[in-house]
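Contents: one structure, followed by commentary.
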Amino acid sequence: MVETVILCKEGTINSYLSALVIAINKKKKGEDVLVVFMQEGLAALVDKKFRFTPGLEPYAKEIEKNATIMGVPSDPFELIKEAKNAGVSLYACQAWMKLLGGKPPKFPVPADLQKLELSELIETLDKAKKVFSI
């Protein structure tokens with residue numbers, strides 16, 4: 001049974017930082033955690049276009065510098081790689097893939113995300129102990 005499901009629905013670097021760092025740390029504590037990329041969070045992967053939210057844009061360089069100091073990559077693809085290496089299950093919502101035109105995300109390593117059909121997502125959400133979106 002999945003303990004925590006994190007829905008990454010924003011295509012922002014700050015959302016990726018938050019979602020994936022939380023997922024990695026929960027996994028290190030022994031939790032079964034998975035991340036589902038959907039909506040703008042998935043579109044950003046498809047298009048390889050990420051940004052900070054407008055309120056954080058003035059802090060972008062500072063965030064990137066401090067993330068490096070903290071040992072955390074700010075590049076979304078590096079974050080995905082670290083999460084995968086930590087054992088976090090990473091999924092692309094297939095309903096959103098279809099809504100976006102069915103284009104597969106282009107990753108340095110194509111197998112980074114598993115497919116999650118809408119029916120599987122609903123079942124996973126129903127069984128999870130905690131669900132949150134970032």
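Sorting the segments 122-128, 2-8 by their mean number of nearby beta carbons within 10 angstrom, highest to lowest, gives 2-8, 122-128. Near PRO58: Cβ cut-off under 14 Å, other residues only, Lys/Arg at +1 and Asp/Glu at -1. The net charge is 0.
For VAL131, nonlocal amide neighbours, meaning residues 5 or more places apart or on other chains whose placed amide H falls under 5 Å from its own, are VAL5. For LYS65 and GLU123, a Förster radius of 41 Å and the Cβ-Cβ distance give a FRET efficiency of 0.50, rounded to the nearest 0.05.
Take each peptide in 19-30, 69-80, count the other Cβ atoms within 10 Å of every residue, and average; sorted highest first, the result is 19-30, 69-80.
When percent of Cα pairs over 26 Å apart is computed from the coordinates, the matching label among (i) 31; (ii) 34; (iii) 18 is (iii).
For PHE52, the residues whose modelled amide H falls within less than 5 Å of its own, excluding neighbours fewer than 5 places apart on the same chain, are ILE13.
Coupling constants for segment 19-30 follow from the phi torsions by the Karplus curve (6.51 cos²θ - 1.76 cosθ + 1.60, θ = phi - 60°), and in residue order they are 4, 6, 5, 4, 4, 4, 5, 5, 5, 4, 7, x Hz; glycine and proline get x.
Computed from the coordinates by the stated procedures, all read-outs in this text should not be read as laboratory data. Source: prediction; values computed, not measured. Because the Cβ atoms are built from the backbone with ideal geometry, glycine has one as well, and the counts that use them run over all protein chains shown.
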